Structures are given as structure tokens and as C-alpha cells.
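One structure is given here, and the rest of the page talks about it.
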Amino acid sequence: MEDHLLVKNSLQGDQKACKALFDRYAPTMMALCNRYMIHSAEAEDALQEGFIKVFQYLGTWKKDGNLGAWIRRIMVNTCLTKLKANELKNLPFESTMDSNYKEEAIGISELSYHEIELLIESLPTGYRTVFNLVVIEGYSYPEIAQLLQITESTCRSQFFKAKKQLANQIIKLNSTINISAYEPLA
């Protein structure tokens with residue numbers, strides 16, 4: 001069944017349509033929630049809260065827009081709200097950049113998708129949140145600054161530090177599993 005029919009039937013109270021809509025988008029949205037939340041139980045809570053909002057505001061979806069993108073935005077905002085409530089208020093964002101960092105070519109192509117996911121999950125909450133918003137969701141620094149109520153320079157700093165920490169983790173991982181040596185960029 002097409003999205004617009006699922007929405008129409010869901011709005012008319014058809015429980016099967018509601019379940020079909022949930023089943024269609026839940027796996028993708030769960031993956032999204034897992035990228036933001038530290039524990040799987042928190043991700044499941046965010047998914048549930050997000051879908052409550054989806055069904056609550058389903059009538060506001062514009063039929064000419066992409067339903068998946070609309071749901072994704074609700075899920076991202078739900079995760080950010082949960083992070084702000086749970087952790088971000090207690091973790092100050094650092095606003096200075098470490099200018100001594102030199103990017104190097106590293107063996108990221110040697111890592112599996114799951115290994116990369118685990119490395120991203122291990123980032124501190126602030127770094128991980130900004131990294132996900134920039135790299136995965138495609139938000140700009142001004143949009144992130146507004147969403148997280150921080151400055152654009154703090155966004156840039158958090159993203160820079162997230163990349164630095166990921167690079168260091170990848171280098172460390174590559175050295176422990178004996179992947180061929182990497183060459184620093186000139």
C-alpha cells in the first residue's frame with residue numbers, strides 16, 4: 001500500500017494501516033535512534049515517543065512531501081529532546097578547537113560498517129550528536145546550533161573533535177589488528 005493511502009486509512013482509525021505504517025518505517029527509524037542514544041532501551045523509548053508524535057501529527061503531513069523524510073525529522077527531534085533532557089544539559093559543549101591536529105590517511109576502508117557504527121557510538125554524547133547531525137542527517141552548522149541551542153563555532157568544534165577522536169580510534173584499532181601501515185598526507 002502506498003504511503004498516502006496508509007496515512008489516509010490511519011487517519012480514519014484503521015489499526016491495520018497504523019501497524020503497516022509503523023512496520024514500514026520502524027526499522028529505519030530504530031537505526032536512527034540507535035545512532036543518537038547511548039543505550040538500546042533509550043533508543044526504543046525514543047522510537048516509541050517519536051511514533052506517538054507521528055500518529056499525533058499525521059494529519060499535518062503534506063501529501064506532496066516524502067513521508068519517510070517527515071518521520072525522520074520527527075525522530076531526530078525526539079532524540080535531540082531526549083538527549084537534552086537526559087544528558088546534554090549536564091555535559092558542557094567545548095568551544096575551543098585543537099589546532100594541532102593533522103588529518104592523516106587511515107585504513108577506514110578496512111573496517112566493517114558495524115565497526116564504524118561502534119566507533120561512532122563510543123564518542124561522547126555531544127560529539128556523537130553533532131557528528132550524526134552533520135554526517136548522517138545533513139544538517140548545517142546554523143541548523144544544529146539552533147536545534148541544540150549552542151553557537152555555530154561550538155558545532156564546528158564538536159564536529160572537528162569527533163572526527164579527531166574517530167581518527168585516533170581507527171588508527172588505534174588498525175594498529176591492534178595489524179592492518180598495513182598508513183601513509184600520512186603530505
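Computed from the coordinates by the stated procedures, all read-outs in this text should not be read as laboratory data. From a predicted model like this one, the values you see are computed outputs, not experimental measurements. Every residue, glycine among them, receives a Cβ derived from its backbone with ideal geometry; neighbour counts consider all protein chains shown.
Structure data summary
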quantity: Hz values of 3J(HN,Hα) by residue in the range 132-149 - Karplus curve (6.51, -1.76, 1.60), Gly and Pro given as x; calculated: 4, 5, 6, 7, 7, 8, x, 6, 8, 4, x, 5, 5, 4, 5, 4, 9, 6
quantity: Net +/- balance of residues flanking A41 in space, Cβ distance below 13 Å, scoring K and R +1, D and E -1; calculated: -3
quantity: Base-10 log of normalised Debye intensity for the range 1-54 (one unit scatterer per alpha-carbon) at q = 0.24, 0.26, 0.30, 0.32 Å⁻¹; calculated: -0.86, -0.94, -1.10, -1.18
quantity: In order through the range 156-162: 3J(HN,Hα) via Karplus (6.51 cos²θ - 1.76 cosθ + 1.60), integer Hz, x for Gly, Pro; calculated: 4, 4, 4, 5, 4, 5, 4
quantity: Relative contact order (%) - criterion: Cα under 8 Å, at least six apart; region: the range 115-176; calculated: 38 percent
quantity: Residue-count net charge about R24 - beta-carbon cut-off 12 Å; Lys, Arg +1, Asp, Glu -1; calculated: -2
quantity: Chymotrypsin sites (Phe, Trp or Tyr not before Pro) restricted to DSSP loop in the range 9-80 with at most 16 other C-beta within 10 Å; calculated: Y57
